[in-house]
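Since the structure comes first, as structure tokens, the remarks are kept for the end.
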Amino acid sequence: MNLLSSTRSSSVHYYFRLSAFVFLLFFGAFISTRLLDSTLTSSPGNSPESSIIVTKTTHDVPTETPAIPGNPPRKIEIPIKCSTDNVTQKCPAKYYPSNFDRIDLALLSTPPAECPEYFRYIYEDLRPWRETGITEEMVERARRTANFRLVILNGRAYVETYQKSFQSRDVFTLWGILQLLRMYPGKVPDLDLMFDCVDWPVISSRFYHRPNATAPPPLFRYCADDSTLDIVFPDWSFWGWPEINIKPWGSLLKDLEEGNTRISWMDRDPYAYWKGNPVVAETRMDLLKCNVSDKQDWNARVYAQDWGRETQQGFKQSDLASQCIHRYKIYIEGSAWSVSDKYILACDSVTLVVKPRYYDFYTRGLMPVHHYWPIRDDDKCRSIKFAVDWGNSHKQKASAIGKEASNFIQQDLKMEKVYDYMFHLLSQYAKLLKYKPAVPPKAVELCSETMACPAEGLTKKFMMESMVKGPKDGNPCVLQPPYDPATFQSVLSRKQNSIKQVERWEKQFWDNQKQNK
């Protein structure tokens, strides 16, 4: 027994010393790796250029060791690298991870949430090709009006430009797609698409509902309407609009949230506010008639925006975060849909939506009387007057509508959700392709380096400000299944019934006014 006890004691001491040695060896390696890693993935400073490394060697990519379970996940940040050589910037051979999977128990315990409801319209937008799939011939037919063709292969982007877009629409749309590739490396599938940066949709559905009609050409753009089949995609202004000094959405959303706190809804001016360019559409010119005058007050305060003068004066009167001072704000389309809808909805004010024709990728998720108040397009002034009078008489209900809209924008339209929408739309689109995409002969490769390094002024500033610093921790939100026909019809009916209810209230209001006279 003594011999056995002695042997066991020696074994215990041996394994204890061995365990301690292994622990110290692992701990030392871990600490040195953390120190090395911190020099590669340190957070950038406040200036946009702090996310750029100027170097002659552009092939080193930061790596990260797994985080210890229980510790908060560490973010990887991968700055872009601009060459100092006096040559045209090129995409490095290994400028970004081809894939990224973080091994982190803390992340595995938090599955991604469901995507917002409006993501389900992705299936509706792609429905014309559900049975036929998408052939290369169909894509080629969309070239007629396209600004560019985008091919993604193995996580790298190639672009053939057909015609320059108005201002920097094409530039920031492509920049946004490159940031998606940085956020989800290796997860965006191979694809081939045509993109049109003009406002007006052009793929008319009536040509493709005839007997023996061919499938429509798939064409991406920023908006569509009920008579067209264009595939809607987030607009360029989410990454910045340098021509009119509108910051990237990620930064601007924080400014708007802060601007909402300056004046409570109850203390705001009890009128409907609109400021914009009226000459782009007859319906906007008609809105000017609703302005206050010495003869009539329709409860509207309408201002024409002169962007030429504003540009000369440094955009001093166009700070969006400073315009949340009215209880009501008017959204009205221009020549087509307007990017202003998200800025107006984010204001906590009740958004008065003049009956729109067009929709973008998220507005179909808005519900009348819950997120906004519908305004007639054929009798704007009286409709606005009633809406404001109703809201001022039902302050709690009105302020709740404004808050629901801003909550929708802050939560369901934050940049993370915009990227997730892009990811799911492109992934579902890629599933429909019946051919293997290839790089067009005249296409050039684009990456963050080739776009941001040679850029200047506000373009460069906004690119750096909106750049995805590194891969996202975790997966995109979970896309819900398509609507079944009955549910989809129920959603559409609910919207129509809400609008009709407001129209009945409005008619009753004006009938009473007439009788009282």
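See the values below:
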item: Dipole-positive endmost among Ala213, Cys197, Pro248 within the stretch 179-318 (Cβ charges, Cα centre); result: Pro248
item: Calculated diffusion of the stretch 422-488, Stokes-Einstein form, Kirkwood radius summed over Cα pairs, 10 °C and 1.306 mPa s, µm²/s; result: 98
item: Cleavage-rule hits (chymotrypsin sites (Phe, Trp or Tyr not before Pro)) in the stretch 116-177: DSSP loop, at most 12 neighbouring Cβ within 10 angstrom; result: Phe166
item: Using alpha carbons only: equivalent-ellipsoid semi-axes of the stretch 131-234, gyration tensor based, whole Å; result: 24, 17, 12
item: Cut-off under 5 Å, modelled amide H: who pairs with Ala300 long-range; result: Ala272, Val292
item: Amide H partners (placed H, <5 Å) of Ile231, local residues excluded; result: Leu219, Phe220, Arg221
item: Backbone HN-Hα couplings from phi across the stretch 491-506 [Karplus 6.51/-1.76/1.60, Hz, Gly and Pro as x]; result: 4, 5, 5, 4, 5, 5, 5, 5, 5, 5, 5, 5, 5, 5, 4, 5
item: Relative packing of peptides 293-302, 222-231 - highest average C-beta neighbours within 10 Å first; result: 222-231, 293-302
item: Global geometry of the stretch 159-293, whether rounded, prolate or oblate, following the gyration tensor of its Cα atoms and the 1.5 cut on a/c; result: oblate
item: Spherically averaged projected area of the stretch 336-380 from its Cα convex hull (nm²); result: 3.3
item: HN-Hα J in Hz across the stretch 442-457 - Karplus 6.51, -1.76, 1.60, θ = phi - 60°, x for Gly and Pro; result: 9, 7, 10, 7, 10, 8, 4, 5, 5, 8, 7, 4, x, 5, 9, x
item: ³J(HN,Hα) computed for each position of the stretch 145-153 - Karplus, 6.51 cos²θ - 1.76 cosθ + 1.60, integer Hz, glycine/proline x; result: 10, 5, 7, 7, 10, 10, 10, 10, 10
item: Amide H partners (placed H, <5 Å) of Ile134, local residues excluded; result: Leu433, Lys434
item: Three-way shape call for the stretch 218-291 based on the alpha-carbon gyration tensor, with the a/c threshold at 1.5; result: oblate
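No lab work stands behind these numbers, since they all come straight from the coordinates. Keep in mind that this is a model prediction, so the values were computed, not measured. Using ideal geometry, Cβ is built from the backbone for each residue, glycine included, and neighbour counts are taken over all protein chains shown.
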